[in-house]
Amino acid sequence: MNPEGDTVAWSVFLAEATTRLTAAGCENPEVDARRIVEEAAGIEPAEFPGLLNDPATVGGVARFDSMLARREAGEPLQYVLGRWGFRHLDLMVDSRVLVPRPETEVVAGLAIAEAERRSKTRGAEVMVADLGTGTGAIGLSVAKECPGSRVFLTDLSEAAIAVATANLAGIGRAATRVSVHTGSWFDALPSALRGSIDVIVSNPPYVPDDEALPAVVSDWEPQHALRGGPDGTDDLFHLVHNARPWLTADGVIVLEMGPSQTSTIAAECRARGFETEIHHDLTGRERAVVARLPA
């Protein structure tokens, strides 16, 4: 609505958002503008074409103005919207956690495949630990998509654990098979789990400390969840070096990392008795190592 109280169609606000986000240098101004209008209007994407000629509501315009100003200032779209899709989940996302990314969906898929294979072969509950869970994206996807799994989410950050716990409510009955634990890597796990975990999965910090990142990442996302030491491998090595006592005899580790790190981490896993595979993300870049103990 304009100051005189006349109604204004959502198409006008869409055009305004596109213009302002283009001027602000956003990478995908048309996409971001549409997502902001959808969220402000409270509709699903499929409803968007029928929305454009509808008059905007007072409350919708207030939400629009707030979100557009935040995105214009450089805040990630995911934080602005307050939620983001990940595989089959609609996750709550804010500045306490990293933005869920497509490459991590691939890693989650690898962990799900390992859990499902063991569930079908064994006919018993499969134990999965998602270490450094952040939003809970990987572990909650495992719980949702693999009914035979029991999942343990851990994170050192209590703020991240609060987000993961909030997202736990979004997976329905599968939430009864998930528990959440605060602490550093394996220290967060109940000691009774030693030797009984089938799948350990993690998207740890793996960006080198001095690597330049886009402002939308470096200025907004939690750096402790991104930076992994001088070459980015500190936490990756910690996970590889300490995983074996927690795994079953044929357990597996699934780790996300940068393309330049896969060969080094795969070699380290082989040196510790694992059979390893390197997997690519959707852009064709090496992104994950899957390391299995021989059956």
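The values are calculated or read from the model by the stated rules, or taken from the named source; none is laboratory data. All figures in this text were calculated on a predicted structure; none of them were measured in a lab. Every residue, glycine among them, receives a Cβ derived from its backbone with ideal geometry; neighbour counts consider all protein chains shown.
Observations on the structure shown:
- Residue 111 being of a type in the set (A, V, I, L, M, F, W, C), closer than 21 Å to residue 183 by Cα and crowded, with 23+ Cβ neighbours inside 10 Å: no
- The one condition in (1) out of contact with any Ser or Thr (no Cβ under 6 Å at 6 or more places or on another chain); (2) part of a strand (DSSP E or B) that residue 91 fails to fulfil: (1)
- Of all residues in region 95-111, exactly one satisfies the criterion of being among the polar types (S, T, N, Q) and outside any helix (DSSP H, G or I), namely 95.
- Region 281-295: number of residues that are free of Cβ contacts under 8 Å to residues at least 40 places away in the same chain and buried (at least 18 other Cβ atoms within 10 Å of the Cβ): 1
- Exactly one residue out of 232, 258 is assigned by TED's automatic domain parsing to the domain that holds residue 156 and within 30 Å of residue 70 (Cα to Cα): that is 258.
- Against the criterion of being in the same structural domain as residue 201 (by TED's automatic domain parsing), surrounded by 17 or more Cβ atoms within 10 Å (Cβ to Cβ) and within 22 Å of the chain's Cα centre (by Cα), residue 105 qualifies.
- Residue selection: residue 259 satisfies the criterion of being closer than 23 Å to residue 287 by Cα and in contact with a Lys or Arg (Cβ under 7 Å, 6 or more places away or on another chain).
- When residue 80 is tested against (1) farther than 27 Å from residue 159 by Cα; (2) of a type outside the set (Gly, Ala, Ser); (3) part of a helix (DSSP H, G or I), exactly one condition is not met: (1).
- Extreme residue, surrounded by the most Cβ atoms within 10 Å (Cβ to Cβ), among residues of region 48-87 that are under 21 Å from residue 97 (Cα atoms) and among the charged types (D, E, K, R): 71
- Hits in region 128-156 (condition: more than 15 Å from the chain's Cα centre (by Cα) and surrounded by fewer than 24 Cβ atoms within 10 Å (Cβ to Cβ)): 145, 147, 148, 150, 152, 156
- Residue match in region 14-28 (condition: charged (D, E, K, R), surrounded by 12 or more Cβ atoms within 10 Å (Cβ to Cβ) and either in contact (Cβ under 8 Å) with a residue 12 or more places away in the chain or not assigned by TED's automatic domain parsing to the domain that holds residue 217 (or both)): yes
- Among the residues of region 195-214, the ones that are touching a residue at least 12 places away in the same chain (Cβ under 8 Å) and over 20 Å from residue 111 (Cβ atoms) come to 6 in all.
Residue-wise test of (1) touching a residue at least 40 places away in the same chain (Cβ under 8 Å); (2) out of contact with any Ser or Thr (no Cβ under 9 Å at 6 or more places or on another chain); (3) over 18 Å from residue 175 (Cβ atoms).
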{"residue": "101", "(1), (2), (3)": "no, yes, yes"}
{"residue": "123", "(1), (2), (3)": "no, yes, yes"}
{"residue": "126", "(1), (2), (3)": "yes, no, no"}
{"residue": "132", "(1), (2), (3)": "yes, no, yes"}
{"residue": "135", "(1), (2), (3)": "yes, yes, no"}
{"residue": "143", "(1), (2), (3)": "no, no, no"}
{"residue": "154", "(1), (2), (3)": "no, no, no"}
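- Test: residue in region 37-47 that is surrounded by 12 or more Cβ atoms within 10 Å (Cβ to Cβ), of a type in the set (Asp, Glu) and not in a helix (DSSP H, G or I): no
- Matching option when the condition is among the aliphatic types (A, V, I, L, M), outside any strand (DSSP E or B) and closer than 18 Å to residue 103 by Cα, among 217, 254, 240: 217
- Applying the criterion of being small (Gly, Ala, Ser) and touching a strand residue (DSSP E or B) at 6+ places or on another chain (Cβ under 9 Å) to the residues of region 180-194, the residue that is surrounded by the most Cβ atoms within 10 Å (Cβ to Cβ) is 188.
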